[in-house]
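Engineer: Mind looking over this structure? Questions follow.
The values are calculated or read from the model by the stated rules, or taken from the named source; none is laboratory data. Small disclaimer: the values here were computed from a predicted structure and weren't measured. Cβ placement follows ideal geometry from the backbone for every residue including glycine, while neighbour counts extend to all protein chains displayed.
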Amino acid sequence: MGFNFYFSSIMLGVGLAMDAFSVSLANGLNEPNMKAGKLLGVAGIFAGFQFAMPLMGWVLVSTAASYFEVLNRYIPWIALILLCFIGGKMLKEGIESLGCCDCEKPPVGLMGLMVQGVATSIDALSVGFTIASYNFGEALLACGLIGIVTFFICAAGIEIGKKAGCALAGKAGILGGVILIAIGIKIGFLG
């Protein structure tokens, strides 16, 4: 677990957090007087989902890989395809939302936040497939780093949203998409 491990995990966190960042901007816009406790709770919900989803994906693939050892050599290519698909989708949505001033104001109640948490982290489930070669400790640490990065990015997103609104949401989606595609290419071609 050298520099490459930590760097890749943090960059996965940044890439995956961009959907949650965009929603956090909207939440900040919707509730400009959000108290610090609620801000931390909202960021914590997003971080929790971004931590749990890749770990669930890792468990699924690790279990399947032990039964189907032949899958191990295809995992980097599966990771490449999944990350490029997710990143491409984020890139497309980010580009489409550029210049759009109408930002949907989602509810910030607990149920609304849970729905947002699932919606923004469902793509993180497939990231668990990309870390299938990790042992449990490495997977737990990688997912923890993804969650921590998400927490700080979402907290910043809420604060920015409270001040600037949704003008940055499309740009965040583009950045997240580019990062995920770059990580997919690295995993697929460089190992």
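Engineer: Kindly indicate whether residue 40 is at pLDDT 90 or above, hydrophobic (A, V, I, L, M, F, W, C) and out of contact with any helix residue (DSSP H, G or I) (no Cβ under 6 Å at 6 or more places or on another chain). Step through it out loud before you land on a result.
Structural biologist: Numbers: at pLDDT 90 or above: yes; hydrophobic (A, V, I, L, M, F, W, C): yes; out of contact with any helix residue (DSSP H, G or I) (no Cβ under 6 Å at 6 or more places or on another chain): yes.
For residue 40, the condition - at pLDDT 90 or above, hydrophobic (A, V, I, L, M, F, W, C) and out of contact with any helix residue (DSSP H, G or I) (no Cβ under 6 Å at 6 or more places or on another chain) - is met.
Engineer: Quick check on segment 122-144: of everything there that is closer than 15 Å to residue 77 by Cβ and of a type in the set (Ser, Thr, Tyr), which residue is surrounded by the fewest Cβ atoms within 10 Å (Cβ to Cβ)?
Structural biologist: 133
Engineer: Considering only residues of segment 128-149 that are of a type outside the set (Ser, Thr, Tyr) and in a loop (DSSP other than H, G, I, E, B), which is modelled with the highest pLDDT?
Structural biologist: Narrowing segment 128-149 to residues of a type outside the set (Ser, Thr, Tyr): 128-129, 131-132, 135-149.
From the residues that got through so far, the ones that are in a loop (DSSP other than H, G, I, E, B) too are 131-132, 135.
Working: 131: 85, 132: 81, 135: 91.
Here the answer is 135.
Engineer: Within the set of pairs 6 or more residues apart or between chains, which connect a residue that is surrounded by fewer than 13 Cβ atoms within 10 Å (Cβ to Cβ) inside segment 1-16 to a residue that is among the polar types (S, T, N, Q) and not in a helix (DSSP H, G or I) with Cβ atoms less than 6 Å apart?
Structural biologist: So the pair list comes out empty.
Engineer: Using beta carbons and a limit of 6 Å, which pairs, at least six apart or on different chains, have the first residue in segment 164-191 and more than 12 Å from residue 95 (Cβ to Cβ) and modelled with pLDDT under 70 and the second one of a type outside the set (Asp, Glu) and assigned to a loop (DSSP other than H, G, I, E, B)?
Structural biologist: 166/103
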